[in-house]
Amino acid sequence: MEQNIDIYLIGLSVLIFLIITFLFIRKISSSGELKVKIEPVTDSFEIKEIDEIEIKSQKAFDFNEHDIEYEEQKLVVLNLISNDKSIFDIEQIYGFMKNSNAFLTNGFFVIKDTNNKESFRIANALNPGTFENETETFAILLAADLNNVSNPLSSVKEMVNFAYQFSEKFYANICDQERMPITKQMISHIESQAQEIMRLKQLSGLENK
């Protein structure tokens with residue numbers, strides 16, 4: 001009988017202790033003394049990528065010339081990034097560009113079509129975005145304005161062909177404008193967009209005759 005009483009007393013003591021503890025914590029919480037610090041969680045990989053690969057936005061390309069009226073831009077952008085982030089040999093870059101008939105203009109290279117009109121541009125994808133004799137980079141950016149080239153589909157195909165040749169020569173990954181590896185399906189989608197732009201331009205040309 002005495003053992004049962006002892007057990008009851010111990011249980012009652014524990015219950016009283018829990019009640020007092022609950023009331024104490026509730027009082028602190030309601031008085032604002034108990035605060036929880038919430039810090040934002042960041043993606044360390046994403047931050048590292050932004051710090052290391054400051055890819056210039058396609059908006060940095062000024063395709064407009066003051067004496068020519070252009071339509072709204074429809075840009076296609078590809079990034080060529082070294083597999084292991086090793087620096088490209090700038091002399092080999094210049095040699096490759098020369099063999100590809102690319103012309104250096106204002107710090108970036110230009111590939112022209114058979115009509116001597118710009119087909120697409122090639123820039124350094126790291127700041128400051130230009131090519132110089134001392135340039136060190138592991139990322140190259142290709143960009144074409146499909147609304148303002150002679151043949152959008154031809155420009156896209158030539159641009160993709162250039163990207164494949166460059167990737168084989170310099171061991172680079174071909175990525176989209178978000179720096180994600182590009183797939184054949186994505187390339188087909190870009191070509192379909194180019195075909196649609198061609199069709200619309202042809203219809204516009206017929207209407208203006």
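Descriptive notes on the structure:
- Environment charge at Ile187 (Cβ cut-off 10 Å; Lys +1, Arg +1, Asp -1, Glu -1): 0
- The H on the amide N of Asn173, modeled in the peptide plane, is under 5 Å from the matching H of Ile81, Ser82, Asn83, each at least 5 residues off or on a different chain.
- Neighbour-limited loop hits for trypsin sites (Lys or Arg not before Pro), the range 89-141 (at most 15 other Cβ within 10 Å; DSSP other than H, G, I, E, B): Lys117
- The HN-Hα couplings worked out from phi for the range 123-128 by the Karplus form 6.51 cos²θ - 1.76 cosθ + 1.60 (θ = phi - 60°) are 10, 6, 7, 9, 4, x Hz, whole numbers, x standing for Gly and Pro.
- Loop sites in the range 96-169: GluC sites (Glu not before Pro), DSSP, at most 14 other Cβ within 10 Å: Glu132, Glu134, Glu136
- Remark: relative contact order (the range 97-209) = 17 percent; criterion is Cα-Cα distance under 8 angstrom and separation of 6 or more residues.
- Residue-by-residue Karplus 3J(HN,Hα) for the range 151-157, coefficients 6.51, -1.76, 1.60, Hz, glycine and proline x: 9, x, 5, 5, 5, 5, 5
- ³J(HN,Hα), Karplus 6.51/-1.76/1.60, whole Hz, each residue of the range 162-171, x for Gly, Pro: 4, 4, 5, 5, 5, 5, 6, 6, 10, 6
Coordinate-derived values only; no laboratory data. These figures come from a predicted structure and were not determined experimentally. Reconstructed Cβ throughout: ideal geometry from the backbone, glycine too, with neighbour counts over all protein chains shown.
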